[in-house]
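Just so it is clear, none of the values below were taken in a lab; they were calculated from the coordinates. Source: prediction; values computed, not measured. Here Cβ is always computed from backbone atoms with ideal geometry, including for glycine, and neighbour counts include all displayed protein chains.
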Ligand code: 6R9
């Protein structure tokens, strides 16, 4: 039985512990229902109340939602605020100046603690540094940094002066970085000399040099470098400057730039089904409201918590649940530079024990790989560690299979911690569907119910509602404050991708399939309905990988599909036709390695195909369309039972069956 079938038939139910419910920020199903009813009754009133109660406004908004230019919705537009002010200054004013904001643990295990006051000072000084370089409100700044206090500072400093940041994950190649710098029209890049991961030093600054040398980056005036390892770098006079030298002479007072709630806080690139990555643009007010509220609702954040989200700031999870949400909530949070398997696969458990983490938020792919490691080595099994500080667990990025859910619940949560299986996306800004820890009875593998105010539904291809028990397309029927505002530079693509005419043009199309349980109405996500793969929780477009492959001089044609993988959820499988004859044996292996490295250079190591199969051709219809559904079956290693009568070249299937 597939994981999905198991999930659909899952009947185990785990109720939140009574003690948790009693103290929860949203306590009990009645409280949840009351919030949902409030939103149902007066949608704008609901969001307006929350925005007034939860954020500090420099100038209050007078209108909640402007739908006049739908689907380019505007929220709280005439209100003025500053995101960094809401994340830092408010806590200094509330007597929490000395509270620890960040517990930073380096790859090597060194720990430093930064108070809200220290963080505020660092952000103000760096913000003044950026201003001294002429960087101002509305400018775009690319951040290509390791997990670090300085990474958070860089993002917050941009927010403070109203510059829009675009963080590029440190694992992306020079080419991917350059494409993003060009598309977003950045005026500066903030980077580090190197990053430390798993005991190794990996370059960052030299990749920035390479990216800028690829051309079209004339707008870049400054490359600001955080000295992380002290490794050798090439220093370009007049363009490059050290972060510490820029910051040293700056004042620690920096008046925040008050911006409209609709001012773009950041642009984050993510993969779509077609073409190049999309620059997802987020707002300031609506986005901040939801990252803060979901901290309170989904993560039940309390002043005494030690919150740990293991994501990287290069992904949306790191934006919402490292840089913005936890700080807006005034929480103490862990920022981790390293990887879960260094110095051994007990690292996460060791850190939870050491820092007495109370809330732990990670991805199923990490859980699955740590299950394997714990099974193989009793010394690093979680039972060797004191994890009793934990009170809540979270999961994000991909469906969590019931088996991994049970292990997480039992071995990490000690059967006393609720698990928030949070379904959301880069485009949604924050959680959409998730159990609330003091409310929702949990079913392994189901993300259960939408958060109050989030109007999710399941419809067919024409936008009609489907009854519970019938799988269909996941949509959101009403706009919500933290939703994507546009695709940077391509509003038409925004409308087409997310509000397609086939669905009436008013529903947000998530791109995932889903089904609701007949009895409970619980949602289970059945996976992407487009050509987007989810590898270790990272979104990858099949077209992106195919374009990278065909850019190689050896390759004539390529088709990429996903295949199920025990650890990474999905794995990338590429079917490749070379311009020369089909290689076999050692030669095939060698060319496959070459192509894998090529993709790593073109996109980044995360996009390397796990498997490459060579054929004389690809299975095509008579009209020349590649039949991907057949390739998916072949990749899985299953027999083809589908109708292949429209196939032009059936013989090719036999050849592609065998992995090289
Ligand atoms: C936050 C994030 C979004 C895609 C999304 C879906 C998958 C995320 C999930 C989940 C099932 C969950 N996804 N969380 N699927 N259950 N709890 O991951 O954003 O990188 O944009 O990916 O990830 O397919 O559409 P992003």
Against the 2.2 N^0.38 Å rule of thumb, the C-alpha Rg of segment 348-481 sits at a ratio of 1.19
Of segment 558-585, those with amide N under 17 Å from the point 7 Å along the Cα→Cβ vector of residue 616 are 576-585
Exposure-ranked with fewest Cβ neighbours within 10 Å first, 381, 165, 464 stand as 464, 381, 165
Most packed first (mean Cβ within 10 Å per residue), the peptides 578-585, 39-46, 456-463, 609-616 order as 609-616, 456-463, 39-46, 578-585
Taking r as the C-beta separation of residue 97 and residue 251 and R0 as 22 Å, the FRET efficiency to the nearest 0.05 is 0.75
Taking 0.36 nm per residue of separation between residue 15 and residue 372 and subtracting their Cα-Cα distance, the length gained on full extension comes to 125.8 nm
Taking max minus min of the Cα coordinates of segment 75-122 on each principal axis, largest first, gives extents in Å of 47, 24, 15
Length gained if residue 200 through residue 258 is fully extended, taking 0.36 nm per residue and subtracting the Cα-Cα distance, is 16.7 nm
Against the 2.2 N^0.38 Å rule of thumb, the C-alpha Rg of the chain sits at a ratio of 0.94
Listing 474, 653, 630 by rising number of other beta-carbon atoms within 10 angstrom, fewest first, gives 653, 630, 474
Per residue, the convex hull enclosing the alpha carbons of segment 499-554 has a volume in Å³ of 126 Å³
Ranked output for segments 279-290, 258-269, 125-136 by mean other Cβ atoms within 10 Å, highest leading, reads 279-290, 258-269, 125-136
Subtracting the Cα-Cα distance of residue 657 and residue 221 from 0.36 nm times their residue separation yields 151.8 nm
Quick calc: nm separation of the 7 Å Cα→Cβ label points for residue 464 and residue 600 -> 5.1 nm
For segment 1-95, the Kirkwood Rh over every pair of distinct alpha carbons, in Å, works out to 17.3 Å
Cα convex hull volume per residue for segment 7-157, in Å³, equals 254 Å³
Expressed in angstrom and ordered largest first, the alpha-carbon extents of segment 168-229 along the principal axes are 35, 19, 16
Rounded to whole angstroms and listed largest first, the alpha-carbon spread of segment 549-613 along its three principal axes comes to 34, 24, 19
Asserting the computed 222 nm helical MRE of the chain (DSSP H runs at least 4 long, -39500 (n - 2.57) per run, divided by residue count, to nearest 500) equals -8500 deg cm²/dmol
Placing each pseudo-label 7 Å from Cα in the direction of the beta carbon, residue 236 and residue 566 end up separated by a distance in nanometres of 4.7 nm
Segment 502-641 -> Rg/Rh from Cα coords, Kirkwood Rh, value 1.03
Between the modelled labels at residue 341 and residue 582 (7 Å from Cα along Cα→Cβ) the distance in nm is 3.3 nm
Over its alpha-carbon atoms, segment 425-544 yields an Rg and a Dmax in Å of 14.5, 44
